[in-house]
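The values are calculated or read from the model by the stated rules, or taken from the named source; none is laboratory data. The structure presented is a predicted model; accordingly, all values stated were derived computationally and were not measured. Methodologically, a virtual Cβ is constructed for each residue, glycine included, from the backbone with ideal geometry; neighbour enumeration extends over all protein chains shown. SASA here: full protein model, heavy atoms, side chains in, ligands and nucleic acids out. Shrake-Rupley method; radii C 1.70, N 1.55, O 1.52, S 1.80 Å.
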Amino acid sequence: MYRKILVPLDGSGFAEVVLPYAKELAARLGVEVVLLHIVSPEERSFFEPLHRAYINETVETIRHQAKAVQIKGTTQPVQVRGEIVVGYPDEEIPRFAVANAIDLILMATHDSAVGRHRALGHIAEKVLHQSRVPVWLVRAGVPDAVSYDKWPEKTLIVTLDGSELAESVLPHVEALAQQRGETVDVALIRVCEPPPMPSYYGMELSGVPLNWGQYVQQEMDQCQKTSGEYLAGIEERLKDKNITVRSEVLTGKASHEIIGYASKNPFSLIVMTTHGRSGLGRLVYGSVAESVLLGASNPIFLVRVNN
């Protein structure tokens, strides 16, 4: 499914938080990893030899590390190469991805102090909006973070809501779960949220019983039943492909439950879908996905879909 993975770099330790991921994916998925070093027009003429030396050294490092990870007997060579472009990241990353048939963008994001952008950062949000391929975001600066290649286990947390749009992540889940020499577990989750209390609740409110608590309990029971049956069906599809999978129905506010589940499973990647419209508020789950992006420390894999 993946042939080329794009890894944007700017020479900073912040951006290099993704390099352990790049090494692992190059070795375990057998894909070509393209390290893209983006140089601003102001820096080009003064530091070009340094930029070239940096990207060449980084390519050789990742290539060497990936070879060490490869399964013995693998004949396919590790494919890592570097490119340098002049421009600005939010423009050059999507442009390069299209021009070079990139299948996945792997990039760092950070905490800034600019309101709702504090988790994604300016560049990551623009790339998400423009990208035609999935974007894998890795949070830089997470306290006591364990490098991806040192994770004791790996889990894909797949958030589903019963829609075909959300299920667009499943082919990617299958591809990511079947890594060479690595056991990757899949955790399917669906959240049952209590129905909102009507703004006016009286006897004339058609279709709602007088006992609001009883009504809420009935709705939650039904949601848990149908969600369990739905997830069981997805489980069977993945098990047929020899993927280790489990499922769980959570109850509560969706964003809180997803973030909480991920925090209890720190060695995991959250897999979600996004709408092909502008703004994070257009993500599947609406404000829920935005809250997960802003609140979770786990890396997040986003698949863009159009509706």
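As a summary of the residue check, Val86 satisfies the conditions (1) of a type in the set (A, V, I, L, M); (2) under 30 Å from Glu257 (Cβ atoms); (3) modelled with pLDDT under 95; (4) surrounded by 13 or more Cβ atoms within 10 Å (Cβ to Cβ) except for the one numbered (2). Among residues that are within 19 Å of the chain's Cα centre (by Cα), hydroxyl-bearing (Ser, Thr, Tyr) and within 27 Å of Lys150 (Cα to Cα), Ser263 is included. Consider Lys23 carefully, then state whether it is crowded, with 20+ Cβ neighbours inside 10 Å, within 20 Å of the chain's Cα centre (by Cα) and of a type in the set (D, E, K, R). Against the criterion (crowded, with 20+ Cβ neighbours inside 10 Å, within 20 Å of the chain's Cα centre (by Cα) and of a type in the set (D, E, K, R)), Lys23 qualifies. Would you confirm whether or not the stretch 45-57 contains a residue that is open to solvent by less than 20 Å² (accessible area, probe 1.4 Å) and either among the acidic types (Asp, Glu) or out of contact with any Gly (no Cβ under 6 Å at 6 or more places or on another chain) (or both)? Checked against the condition, which is being open to solvent by less than 20 Å² (accessible area, probe 1.4 Å) and either among the acidic types (Asp, Glu) or out of contact with any Gly (no Cβ under 6 Å at 6 or more places or on another chain) (or both), the stretch 45-57 yields no hits at all.
Conditions (1) of a type in the set (A, V, I, L, M, F, W, C); (2) touching a residue at least 24 places away in the same chain (Cβ under 8 Å), marked per residue:
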position	(1), (2)
Met1	yes, yes
Ile5	yes, yes
Leu9	yes, yes
Phe14	yes, yes
Lys23	no, yes
Val33	yes, yes
Leu36	yes, yes
Val39	yes, yes
Glu43	no, no
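Does Leu294 qualify as being in contact with a Lys or Arg (Cβ under 9 Å, 6 or more places away or on another chain), surrounded by fewer than 20 Cβ atoms within 10 Å (Cβ to Cβ) and at pLDDT 95 or above? Spelling it out, it is not the case that Leu294 is in contact with a Lys or Arg (Cβ under 9 Å, 6 or more places away or on another chain), surrounded by fewer than 20 Cβ atoms within 10 Å (Cβ to Cβ) and at pLDDT 95 or above. Scanning the stretch 179-190 for residues that are open to solvent by 20 Å² or more (accessible area, probe 1.4 Å) and in a strand (DSSP E or B), we see that the one that is nearest to Leu156 (Cα to Cα) is Asp185.
Is it true that Val7 is under 18 Å from Trp136 (Cα atoms), open to solvent by less than 20 Å² (accessible area, probe 1.4 Å) and in a helix (DSSP H, G or I)? It would help to see each step written out before you state the result.
Values: under 18 Å from Trp136 (Cα atoms): yes; open to solvent by less than 20 Å² (accessible area, probe 1.4 Å): yes; in a helix (DSSP H, G or I): no.
Considered against the rule, which asks whether it is under 18 Å from Trp136 (Cα atoms), open to solvent by less than 20 Å² (accessible area, probe 1.4 Å) and in a helix (DSSP H, G or I), Val7 comes out as no.
Going through (1) in contact (Cβ under 8 Å) with a residue 60 or more places away in the chain; (2) crowded, with 21+ Cβ neighbours inside 10 Å; (3) assigned to a helix (DSSP H, G or I) one by one, Pro94 falls short only on (1). Scanning the stretch 136-193 for residues that are aliphatic (A, V, I, L, M) and within 19 Å of Ala254 (Cβ to Cβ) gives Leu156, Ile157, Val158, Leu160, Leu165, Ala166, Val169, Ala187, Leu188, Ile189, Val191.
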